[in-house]
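Reviewing the structure listed below.
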Amino acid sequence: MEFNACMKHKLVRKSVREFAEAELGPIAHEIDRQARFPLEVIEKMRPLNFFGLQAPKRYGGAELDSISYAVTVEEISRVSGSVGLCITVHNSVGVYPILKYGSQEQKERFVPKLASGEHIGAFCLTEANAGSDAGGVETHAMMDGDRYVINGTKIFVTNGGVCTVPLVFAITDPLKKPGENASVFIVEKGTPGFSVGEIEDLCGMRANPVSSLFFEDCRVPRENLLGREGDGLKIGLATLDTGRIGIGAQAVGIAQAAYEASVKYSKERQQFKKPISSFQSIQNMLADMATEIDAARLLVYRACAYRDSGKPFGKEAAMAKLHASATASRVTGKAVQIHGGYGYSKEYDVERYFRDAKVTEIYEGTSEIQRMVISRAILSEPV
């Protein structure tokens, strides 16, 4: 399998990096401190296809291959993990499920506005009693005439404060066994009974408007059911496979930023009358950081290649997400260590990278869930 960057991927990286450094670089520190979603930058991203990265061109998207998508998420996340999170969640778990499971009418109705960024997507699965255990979902949707009536609360919804077309996972037939009792609904902003909670005050990813979403007798048209009734788990698992590629790419971007900051600082910081980069202990840390990042990036690219070739890629996506998120945590921890006391100060960006990295081991399936996915795939393979 060929992983050498082709000219197309190099051009994608160059153009996205230039945009991110010019538009997000000057405000990345500020928006994290203020926990502010940078709408002024989002407006500039809309006409550049950031919200329709893999949507077909007939719907106004860029129709990029998966490696180009991963490169884009990595480069945005290298400057702002929060904005990178917005982009990957919107594309992978907001747009993708409609493209894969939606009716033609749903695709024509929702995808163009999602691809243009006029609508912002989100995927609502997590609840107070349903995180890793999707079977614990309590939100339910019952038929009443020609509409489903949704009741329940979703928590920790990425893009929650700005989403206009969230996809909502709900129980439609409590008498059926888990795996057949849930469905996914496209809920539009402005639907009576749908409301948004306060923005969460989080440790990291502070510039992303993560919030709870409330559904109280929220009446959704039958035609907003995604796929068939009972397809919820199937849609959810396929969506998470795709989402894990994006989170892996995001983790690589955060790690890359921390590594670059550490190399620069180690060359500038003087101790014992010479730069700390001359000390073997620092050199060892930098060598480990660089190696782990390259390995994580290649795992992400492998998952992308499997996806684009039409092969099953769930195991590969889980491996990429597991290793990349752990790499981000280790690399950012070492970055703080290399910076010493300054690394623990909000004056330097490495403490932001450190905070942002941790959640990559939690959302889109915890690292423990990734190990379950990987081990099940391994044990189901013929010897």
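The values are calculated or read from the model by the stated rules, or taken from the named source; none is laboratory data. Since this is a predicted model, take the numbers as computed values, not measurements. Please note: Cβ atoms are built from the backbone with ideal geometry, for glycine as well, and neighbour counts cover all protein chains shown.
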| request: Just give me the residues in region 131-153 being within 14 Å of Ala182 (Cβ to Cβ), touching a residue at least 12 places away in the same chain (Cβ under 8 Å) and of a type in the set (Asp, Glu), in sequence order. | output: Glu138
| For region 119-130, which residues satisfy the criterion of being over 19 Å from Ser92 (Cα atoms) and either in contact (Cβ under 8 Å) with a residue 24 or more places away in the chain or buried (at least 21 other Cβ atoms within 10 Å of the Cβ) (or both)? | Glu127, Ala128
| message | Looking only at region 350-373, count every residue that is surrounded by fewer than 17 Cβ atoms within 10 Å (Cβ to Cβ) and over 20 Å from Ile254 (Cβ atoms) and tell me the total. | response | 3
| said: The conditions are (1) more than 23 Å from Tyr363 (Cα to Cα); (2) crowded, with 22+ Cβ neighbours inside 10 Å, and Tyr59 fails exactly one of them. Which is it? | reply: (2)
| Scope region 160-193; condition assigned to a loop (DSSP other than H, G, I, E, B) and within 18 Å of the chain's Cα centre (by Cα); matching residues | Gly160, Gly161, Val162, Cys163, Thr164
| said: Among the listed residues Val196, Val220, identify the single one that is under 25 Å from Phe37 (Cβ atoms), of a type in the set (Val, Ile, Thr) and over 17 Å from the mean Cα position of the chain (by Cα). | reply: Val196
| Looking at Thr239, Thr172, Thr158, which one is modelled with pLDDT of 95 or more, over 30 Å from Glu30 (Cα atoms) and crowded, with 17+ Cβ neighbours inside 10 Å? | Thr172
| task | Considering every residue within region 22-32, establish whether at least one is closer than 20 Å to Cys163 by Cα and either outside the structural domain of Arg302 (by TED's automatic domain parsing) or under 19 Å from the mean Cα position of the chain (by Cα) (or both). | result | yes
| Tally of residues being in a loop (DSSP other than H, G, I, E, B) and within 17 Å of the chain's Cα centre (by Cα) across region 201-213 | 9
| message | Looking at (1) in contact (Cβ under 8 Å) with a residue 40 or more places away in the chain; (2) charged (D, E, K, R); (3) farther than 30 Å from Arg352 by Cα, which one does Arg46 not meet, given that it meets all the others? | response | (3)
| request: Collect the residues in region 138-159 that are part of a loop (DSSP other than H, G, I, E, B) and either under 21 Å from the mean Cα position of the chain (by Cα) or among the basic types (Lys, Arg) (or both), keeping them in residue-number order. | output: Thr158, Asn159
| field | Of residues in region 140-155 being more than 11 Å from Asp217 (Cα to Cα) and among the β-branched types (Val, Ile, Thr), the one surrounded by the fewest Cβ atoms within 10 Å (Cβ to Cβ) | value | Thr153
| message | What's the total number of residues in region 80-118 that are polar (S, T, N, Q) and surrounded by fewer than 24 Cβ atoms within 10 Å (Cβ to Cβ)? | response | 4
| Whichever residue in region 192-208 is of a type outside the set (Gly, Ala, Ser) and surrounded by 22 or more Cβ atoms within 10 Å (Cβ to Cβ) and, among such residues, is nearest to Val149 (Cα to Cα) | Asn208
